[in-house]
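Since the structure comes first, as structure tokens, the remarks are kept for the end.
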Amino acid sequence: MNANLRKMQYAVRGVVVARAEEHKETLCAGAELPFKEIIHCNIGNPQEVGNPPITYIRQLSSLTNYPELADYEHAADIFPADVIEKARLITSLVNTGAYSHSQGHHLFREWIAKFIEERDGYPSDPKNIFMTDGASPGIQTVIKALIREKSDAIMIPRPQYPIYSASVQQFGGTQVNYDLDEDNEWALSIEDMENSLARAMEEGTNVRGLCIINPGNPTGQVCNEQNLRDVIDFCKRHNLVLLADEVYQENVMAEGKTWYSAKKILCDMGDEYNDVQLYSFHSTSKGFLGECGKRGGYMEITNVPEDLRAQFYKAASVSLCPNLMGQVTVAGMVNPPQKGDESYAVYSDEKNRALKSLKRRAQTMWSALTGLPGVSCNPPQGAMYLFPKITIPQMAVEKAAEQNMAPDLYYSLKLLDATGIVVVPGSGFGQKDGTFHFRTTFLPSEDKINAVAYRLGDFHC
Amino acid sequence: GGMGGGGTTAQLSLATANRAAVECEYAVRGEIVQRAGELSAALQAGGPEAEALPFAKVVQCNIGNPQSLGQQPVTFFRQVLALCDWPGLADALGEGQRAFPADALARARELQRGIAGGTGAYSHSQGVAVCREAVARAVARRDGHACDPADLFLTDGASQGVHLCMRVMLRGQQDAVLTPIPQYPLYSACLRLYGGSLAPYYLDEGNGWALSVQELQRALEAARAQGQEVRALAVINPGNPTGQVLSEENQREVVKFCQREGLALLADEVYQDNVYAEGKRFCSFKKVVRDLQADDVPTFSFHSISKGFYGECGRRGGYMEMVNVSPEIKQLFYKLSSINLCSNLNGQICTALMMEPPREGDESFPLYAQERDAILASLKRRAKTLTAALRSMEGVTCNEPEGALYVFPQITLPEKACEAARAAGKAPDAFYCMRLLEATGVVVVPGSGFGQKEGTWHFRTTFLPSESDIGDVCPRLTHFHA
């Protein structure tokens, strides 16, 4: 088998999760464990743990799947008028049973372009938008294009969401880490980036791109404007393309923080910077939609030469097209109900509830974690996760070494066995040598979050 | 090479992108199709440019995309999907509703019970258990051999499964996969993309596109003589673009060949519900492998919701079944699948519905059967009409499509035309197809996009356009050719 694949890892669905599945079977079989249920805090999968979908999105999907429903005699009693109208518009122009344009249907790309323009204040061209099955395939396509041989590298934040490391590994390239500053609320440090880059160059590595995740995963930090400017400038000076993973752009919870897209800042910086290639990624999986299972997302490419753009089109065409219902979900995300629409009140209410609840649960988890001995945790600024630093007693470190296991994996397994809580060890995301972390979501329902907080406290004592 | 810092050229350009990604080709959506898009747009815009064109309509015969050409979806599938997508719908409809038959409601409820988090949650990376179980039951019924849901991966279309196999198998350029010529160019594209080699074996045009084991042997030895390690044999049955349906005897020979030579078998069976020829029947390679107890042949079977009579291309659904594969390799496939989390839930549900459709006695069965039979009968008719028309053209020979959705006629091109093409830097059949498009508005794919015997020329056309459009296409083709 392909050797690169053997080494590649994706901890979000790795060892701890496999053990959790075994425990579930044990509980199903009626056996007793120190807990009555498994609580999944390992993955950003909101609807699996009880976060309700947005009704507007589901109504739109339903009508688009089965257009005859709009003609049902009681349709107007069941669906808001604007949703019926929007669905009719979609189904008159888009056939969800057919392969669409490989970049996604033009109608939806127009809506995405409009959404981006309204968000950033700069024009967006549907030609530069590639809809994808979730954000991941877009990220993989770009990384694949950048890596020609082992010495080609991508700069990846540490800690990172492991699609970056897995992709680089899979395509046979080199990963160059830049550290986020834990003591400074996980801020990006240009100084650290410069040092990492310089070291890599000395070793003969050809660094071709830089990834930022903003808001961060697992760390949740929201970059400020100056940070983004510095990153873009860094890319220009060193001739790097910029990959901006922005899937959590609707999950910003810190007071006084504004999220800016990399595209906006790049455009703000003017013509001098129009040779910086930017790839921006968004998804329907996060935010307040949480539509992971639809596999909806898109990539916008900026300052990319036409022949390269055509190459990305060709790459997309080999898989024919992104799935249509994912495209419809993206369309619903970027073209939501407006004031005056019949569906607006419910939509607006659901959105606000979801975001407020996420913020509350983030606070609850954070308070619980920071109250534990030997645990420190940066406050949640955005995304759906907390990434606390833990101290692991020497004895445990030794036990872990005996089992050939990272100490935080050992910790995570012990935590699971004692409490039923599933987290992902920090080693799955990368961390500074000698430190240990785990990533937990704050997605379980509010009463479950309280249970998690309680059990964590119990486990630590 | 080094970076040299600074500089005005962007770091990533076509010249500095991954070679394999740049060089892989997929003709089904290549140059001709893009030109067709321009012509369509011109026609839609109207005006003098549109009027100057010698046709009023662009007819897309280049891609197996049934619903884009008017084929209607299976009602039951769309009803269940609509109900699954908005769990509140059943309640909102209330008692006495007439929007959905009872069995659609029941099926949706059953699926919702089995899908924790509904269609909005990432599922198990191999696909939701309840959908895999449906597929497993159906496969077992179809083949008469057990199918384990743990051996199934629900994928975004069958293509994703093929990509996974290639990614796992290919270690470098010395690894080769025996690939039919002509082939659906996903195989050549994947081999290029993942750095492997294509070892071609030729289907016998003079013999109804037959697959001969002698030819497999020849191809295998030719590859090995070049220092290649042949890892697997890819078979498309029914064939694409060629449409032939293998006999079970033939399939047994193929499996034994794999067994003898230590090859894995990739069985692309997405057209298993498109069989028209009298006396021909689809038989799965899994069944043959199990019948022969060929437990040492790792076998990967692919199916899809895109073809058949359901034609749900847009939903991107399908599955891969792997048997006789080590737990270590299965674990690797799982790990790879987990990076993209899971395939889309709508596609997973549609796959389960395709494999377990309404049965005799179900309220939806009459409509389902009617839709199915009408579409298949119509496909059969259109295949006949198109084949007859092509055969009537001078210098065109054409095998009867036994299955799938395509006809792959051989055309003779005058030497002058070949020279003109070469002067333009194009393959002669690509040149022909582009001229065909400009003259008639009919979009087909040149044979060079699929591979063909040296010195022969073909094009692939679907028979998916509506019966009236097919009626219109045939005279246009004949007229152009004359």
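Things worth noting here:
- Taking Lys and Arg as +1 and Asp and Glu as -1, the other residues whose beta-carbon sits under 10 Å from that of B:ALA21 total +4.
- Evaluated at q = 0.10, 0.15, 0.18, 0.19 Å⁻¹: base-10 log I(q)/I(0), Debye formula over Cα of region A:325-461: -0.44, -0.79, -0.99, -1.06
- Pairwise centroid distance, computed over Cα atoms, of region A:363-385 with region B:207-223, Å: 64 Å
- Per residue, the Cα convex hull of region B:165-248 amounts to 86 Å³.
- Other residues whose C-beta falls under 14 angstrom from the C-beta of A:ILE154 contribute a net charge of +2, scoring Lys and Arg +1 and Asp and Glu -1.
- Too-long pairs where the Cα-Cα distance tops 22 Å, listed order kept, from A:LYS294/A:LYS339; A:LYS144/A:LYS264; A:LYS127/B:LYS307; B:LYS307/B:LYS330; A:LYS7/A:LYS314; A:LYS7/B:LYS330: A:LYS294/A:LYS339; A:LYS144/A:LYS264; A:LYS127/B:LYS307; B:LYS307/B:LYS330; A:LYS7/A:LYS314
- Under the Debye formula (equal points on every Cα, no solvent term), log10 I(q)/I(0) of region B:111-170 at q = 0.17, 0.21 Å⁻¹: -0.67, -0.92
- In this calculation the C-beta distance from B:LYS384 to B:ARG142 is compared with R0 = 25 Å, giving a FRET efficiency of 0.40.
- With semi-axes defined as the square roots of five times the eigenvalues of the C-alpha gyration tensor, the equivalent ellipsoid of region B:54-180 measures 33, 26, 15 Å, largest first.
- Based on the reciprocal of the average 1/r between different C-alpha atoms, the Kirkwood radius for chain A equals 23.3 Å.
- Diffusion coefficient of region A:237-389 by Stokes-Einstein, Kirkwood radius over Cα pairs, 4 °C, 1.567 mPa s: 71 µm²/s.
- Percent breakdown of C-alpha pair distances by 20 Å bin, ordered from the shortest bin, for chain B: 22, 54, 23, 1
- In chain B, the calculated helix contribution to ellipticity at 222 nm averages -13500 deg cm²/dmol per residue, counting -39,500 (n - 2.57) for every DSSP H run with n ≥ 4.
- Under 15 Å of direct C-alpha separation, and excluding same-chain neighbours fewer than eight residues apart, B:LYS384 reaches these aspartates and glutamates: B:GLU278, B:GLU400, B:GLU402, B:GLU467, B:ASP469, B:ASP472.
- Applying both filters, DSSP loop and at most 11 other Cβ atoms within 10 Å, to the GluC sites (Glu not before Pro) of region B:95-193 gives B:GLU95.
- The value given for the protein assembly as shown is a Kirkwood hydrodynamic radius of 29.1 Å, derived from the mean inverse Cα-Cα separation.
- Structure-based [θ]222 nm, chain A - -39500 (n - 2.57) summed over DSSP H runs of at least 4, per residue, nearest 500: -13500 deg cm²/dmol
- Three-way shape call for region A:130-213 based on the alpha-carbon gyration tensor, with the a/c threshold at 1.5: oblate
- Stokes-Einstein D for region A:165-297, Kirkwood Rh over Cα pairs, 25 °C, 0.890 mPa s (µm²/s): 155 µm²/s
- For the pair region B:33-89 and region A:202-229, the centres of their Cα atoms are 41 angstrom apart.
- Computed over region B:369-482, Kirkwood Rh from alpha-carbon pairs, angstrom: 14.7 Å
- Kirkwood-based shape ratio for region A:254-316, expressed as Rg/Rh from alpha carbons: 1.07
- Within the protein assembly as shown, antiparallel bridges make up roughly 50 percent of the DSSP beta bridges whose residues both belong there.
- Taking GluC sites (Glu not before Pro) as exposed when their DSSP state is a loop state and no more than 16 other Cβ atoms lie within 10 Å, the longest site-free interval of chain A runs over A:343-461.
- Net charge of the neighbourhood of A:LYS144, taken over other residues with C-beta under 14 Å away and scored Lys/Arg +1, Asp/Glu -1, is +3.
- Inter-centroid distance (Cα atoms) of region B:229-286 relative to region A:122-199, Å: 42 Å
- For chain B, averaging the sequence separation of C-alpha pairs within contact (under 8 Å, six or more residues apart) and dividing by the residue count gives a relative contact order of 21 percent.
- Counting all C-alpha pairs of region A:14-137, share separated by more than 18 Å (%): 71 percent
- Both radii come from the Cα set of region B:246-391: Rg as radius of gyration, Rh as Kirkwood radius; their ratio Rg/Rh reads 1.02.
All of the numbers you see were taken from the coordinates with simple rules; none came from a lab. No experiment lies behind these values; they were computed from the predicted model shown. Positions of Cβ are generated from backbone atoms using ideal geometry, with glycine treated the same way; all protein chains shown enter the neighbour counts.
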